[in-house]
Amino acid sequence: MSGIPPEMDALVERMQRAHGLDLGVYDLGHLGKTVEKQRLAKGCATLTAYLELLTDRGEAEGLVASLANHHSELFREPLLFAQLEQRILPALATTKGVSNPSELRVWSAGCAAGQEAYSLAILLLELSQGRDAPVPFRIFATDLSTEQLALAKAGTYAESALRNVRLGHLERWFTRRGATFEAVPELRERVSFSRHDLLDADSECPKESICGQFDLVLCCNVLFYYRPDSQRVILDKLGKCLVTGGVLATGQAERNTVSAFGLQAMAVPSTLFRKVR
Ligand SMILES: C[S@@+](CC[C@H](N)C(=O)[O-])C[C@H]1O[C@@H](n2cnc3c(N)ncnc32)[C@H](O)[C@@H]1O
């Protein structure tokens with residue numbers, strides 16, 4: 001495997017051969033740092049000793065689990081959510097509603113415990129206020145991790161995940177339960193959570209969405225954990241799931257990975273891209 005240091009090459013090969021686990025998809029820097037952390041945590045003096053340990057299936061699965069980062073917050077990237085609230089969602093909503101009964105379709109891809117999806121649901125529910133008719137919308141939110149999806153459905157968050165939430169939003173959309181805050185049922189029922197692997201070659205859009213055809217896709221803080229060829233697989237898939245004129249949002253750290261996919265940057269330095277054809 002070109003470009004990979006020999007020890008990492010051996011590790012990737014061993015994980016594939018012994019356990020059928022593909023670590024070759026991960027960004028090399030991320031993989032190297034995670035392996036090093038695990039090696040030290042397991043008290044192995046050398047990488048070779050850690051490689052021996054990885055013959056055990058449980059250890060191998062432990063390494064794969066430690067490669068996943070599930071950190072998220074509501075309204076995590078304030079600039080992105082300000083643009084969505086002020087420009088993108090109102091513009092997309094004008095194409096739906098009274099004259100066009102079709103719904104505004106949104107996908108939060110790599111949703112962790114639902115923080116991003118509920119942030120979008122709050123903005124969309126509030127967008128309907130003061131309009132003649134509510135904006136019809138559906139939010140599909142997917143992740144690889146079934147544990148994260150269970151947390152997402154529960155919709156309960158520590159204060160630290162809510163530090164970017166306005167006081168008015170907190171009071172309207174959450175109920176305090178001791179040290180945590182629970183999303184109100186009216187908010188929770190507006191998001192459909194399901195498992196979907198963005199690298200699954202056999203499926204383009206989440207099964208629950210049936211046809212994809214999204215007006216807006218958020219795939220934030222997911223791409224940078226992967227190597228360029230895997231990023232391409234994901235971006236290709238997301239591009240196919242968008243309607244022409246639809247918008248893709250990524251995380252700040254990922255904006256440079258998108259440009260080559262028939263998606264046009266909407267404004268620099270924003271992380272929003274429009275599908276133009
Ligand atoms: C760091 S969190 C980002 C959460 C949220 N999008 C945000 O920006 O706050 C990354 C999430 O992507 C999920 N993920 C990583 N690879 C994935 C894949 N191949 N398919 C689906 N989800 C994936 C992880 O399980 C994790 O919950």
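The values are calculated or read from the model by the stated rules, or taken from the named source; none is laboratory data. A quick note: this is a predicted structure, and the numbers were derived from the prediction, not measured. All Cβ positions, even for glycine, are placed from backbone atoms using ideal geometry, and neighbour counts span all protein chains on display.
If CYS220 passes every condition in (1) touching a Gly at 6+ places or on another chain (Cβ under 7 Å); (2) more than 15 Å from the ligand (Cβ to nearest atom); (3) under 20 Å from GLU77 (Cα atoms) but one, which one does it miss?
Result: CYS220 passes all but (2).
Only one residue in ARG138, ARG57, ARG131 is within 30 Å of GLY20 (Cα to Cα), more than 16 Å from the ligand (Cβ to nearest atom) and in contact (Cβ under 8 Å) with a residue 12 or more places away in the chain, so which one is that? Steps first, please.
Working: ARG138 fails: within 30 Å of GLY20 (Cα to Cα); ARG131 fails: within 30 Å of GLY20 (Cα to Cα).
Only one candidate qualifies: ARG57.
Just for region 246-264: of the residues that are among the hydrophobic types (A, V, I, L, M, F, W, C) and modelled with pLDDT of 90 or more, which one is nearest to ASP215 (Cα to Cα)? Can you show your working first?
First pass over region 246-264, keeping only residues among the hydrophobic types (A, V, I, L, M, F, W, C): 247-249, 253, 258, 260-261, 263.
After this cut, where a residue has to be modelled with pLDDT of 90 or more as well, the list is 247-249.
On the way: VAL247: 6, LEU248: 9, ALA249: 11 Å.
Among residues in region 246-264 that are among the hydrophobic types (A, V, I, L, M, F, W, C) and modelled with pLDDT of 90 or more, the one nearest to ASP215 (Cα to Cα) is VAL247.
Against the conditions (1) out of contact with any Gly (no Cβ under 8 Å at 6 or more places or on another chain); (2) over 25 Å from LEU218 (Cβ atoms); (3) part of a helix (DSSP H, G or I); (4) of a type in the set (A, V, I, L, M), where does ALA45 fall short? Just the number, please.
(3)
In region 93-126, how many residues are modelled with pLDDT under 95 and either within 16 Å of the ligand (Cβ to nearest atom) or assigned to a helix (DSSP H, G or I) (or both)?
Adding up the residues that qualify gives 1.
Considering (1) over 21 Å from PRO206 (Cα atoms); (2) at pLDDT 95 or above; (3) of a type in the set (Lys, Arg), say which one ARG138 fails and leave the rest.
Only one criterion is unmet by ARG138, namely (1).
Only residues that are among the basic types (Lys, Arg) and more than 21 Å from the chain's Cα centre (by Cα): list them for region 165-219, please. So that I can check it myself, show each step before the final result.
Kept after step one, since they are among the basic types (Lys, Arg), are these residues of region 165-219: 166, 172, 176-177, 188, 190, 195, 207.
The answer is ARG166, ARG172, ARG176, ARG177.
Just one of (1) under 19 Å from the mean Cα position of the chain (by Cα); (2) touching a residue at least 60 places away in the same chain (Cβ under 8 Å); (3) surrounded by fewer than 22 Cβ atoms within 10 Å (Cβ to Cβ) trips up LEU125, so point out which.
Answer for LEU125: the failing condition is (1).
Assuming ALA183 fulfils every condition listed in (1) within 15 Å of the ligand (Cβ to nearest atom); (2) surrounded by 16 or more Cβ atoms within 10 Å (Cβ to Cβ); (3) more than 18 Å from VAL106 (Cα to Cα) apart from one, which condition is it?
(1)
Provide a single number: the residues in region 169-191 that are assigned to a strand (DSSP E or B) and in contact (Cβ under 8 Å) with a residue 24 or more places away in the chain. It would help to see each step written out before you state the result.
Keep residues of region 169-191 that are assigned to a strand (DSSP E or B), which gives 174-177, 180-183, 191.
Filter once more, keeping what is in contact (Cβ under 8 Å) with a residue 24 or more places away in the chain: 180-183, 191.
Residues meeting the conditions: 5.
Yes/no matrix, rows are residues, columns are (1) within 14 Å of the ligand (Cβ to nearest atom); (2) surrounded by fewer than 22 Cβ atoms within 10 Å (Cβ to Cβ):
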residue: ARG227; (1), (2): yes, yes
residue: ILE234; (1), (2): yes, yes
residue: GLY239; (1), (2): no, yes
residue: THR250; (1), (2): yes, no
residue: ARG255; (1), (2): yes, yes
residue: ALA265; (1), (2): no, yes
residue: VAL268; (1), (2): no, yes
residue: VAL276; (1), (2): no, yes
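Any residue at all in region 192-208 that's more than 16 Å from the ligand (Cβ to nearest atom), touching a residue at least 40 places away in the same chain (Cβ under 8 Å) and of a type in the set (Asp, Glu)? Please lay out each step first, then the result.
Step one: list which residues in region 192-208 are more than 16 Å from the ligand (Cβ to nearest atom), which gives none.
No.
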